[in-house]
1. Starting from the amide H of Glu20, placed 1.01 Å from N in the peptide plane, find each other amide H under 5 Å away whose residue is 5 or more places distant or on another chain.
2. Checking the a/c ratio against 1.5 first, then a/b against b/c, what shape does the Cα gyration tensor give for region 36-139?
3. Straight-line reach only, C-alpha to C-alpha below 30 angstrom: list the lysines that Lys98 could link to, leaving out same-chain residues fewer than 8 apart.
4. For region 91-107, just list the computed ³J(HN,Hα) in residue order, Karplus coefficients 6.51, -1.76 and 1.60, θ = phi - 60°, integers in Hz, with x standing in for Gly and Pro.
5. Restricting the count to DSSP beta bridges whose residues both fall in region 1-97, what percent are antiparallel, rounded to a multiple of 5?
6. Taking every DSSP beta bridge that has both residues in the chain, what percent is antiparallel when rounded to the nearest 5?
7. What is the set of long-range amide H partners of Asp160 at a cut-off below 5 Å, with H atoms built 1.01 Å from backbone N?
8. What 222 nm value per residue comes from the helices of the chain, counting each DSSP H run with n ≥ 4 as -39,500 (n - 2.57) and dividing by all residues, nearest 500 deg cm²/dmol?
Amino acid sequence: MIYTGKSLRIYRMEVNPFQENTYVLLRGNRAWVVDPGFFQASEFNAFLSILEKESAVPAGILLTHAHIDHVLGVERLVSAYPGLKVFMHPLEQYNWDKAAMSAAWFGLPFTVPNVVPEYFSGNSFIADDGLQCELRHVPGHSPGHVVLIPLGETAALCGDTVFYRSIGRSDLPGGNQEQLLSSIRSQLFTLSDDTILLPGHGPQTTVKEERLDNPYAGERSGF
């Protein structure tokens, strides 16, 4: 467990060949999975161990964006738990539709998930179990990338926007570096300094650390 808040507990799992961070958000006995990148059976079994330890059941899947490394585990998850819903920004439909092609390009086996994603609407996500997240649209790495900020918590799931002393790549289809930098500065660096940033790859960091010292987007970069 990497975070314990007012009503939320968060686990991080580093999975698949891209060393992607899959997060499990636990509210009571309900587990929301953010960016399930499970690739090996052993990785999925590790996820099941978290559920068993917490006596929890999956509640749904939330995607910061739909690049292949962040959706490799969706099919395994929805197959194990039929009826599980997937939520993403509508502008990620292109990446979702191209996931099989992306996997083939990397030489990875991939089964198209038997689920139709539902779209985030507006600036918030409210689940029937009480989970509430503020949504901030942060294009630049991908067109429909969002940051998820659980209500009342000091943590933000920032996907591939900003990393510890780095930023996400912007050379993929739909990427734009100027847009990414603008998103980081206007949507992430405006959060409270003590907000813990939980990125899609690498270790966690904080808004203050990256606002001051990130060499690409922070004050150190001279913007």
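1. Distant-sequence amide H within range of Glu20: Val15.
2. On the way: a/c = 1.94, a/b = 1.04, b/c = 1.87.
The shape class here is oblate.
3. The qualifying lysines are Lys85.
4. Per residue, the Karplus-derived 3J(HN,Hα) values read 6, 8, 4, 4, 5, 4, 5, 9, 4, 5, 5, 5, 4, 4, 4, 8, x Hz.
5. 65 percent
6. 70 percent
7. Under 5 Å from the amide H of Asp160: Gly200.
8. Working: 7 runs with 51 residues, N = 223.
Helix-only estimate at 222 nm: -6000 deg cm²/dmol.
Readers should treat all values here as calculations from the given coordinates under stated rules, not as data from a laboratory. Everything numeric in this text was worked out from a predicted model, so none of it was measured. Every residue, glycine among them, receives a Cβ derived from its backbone with ideal geometry; neighbour counts consider all protein chains shown.
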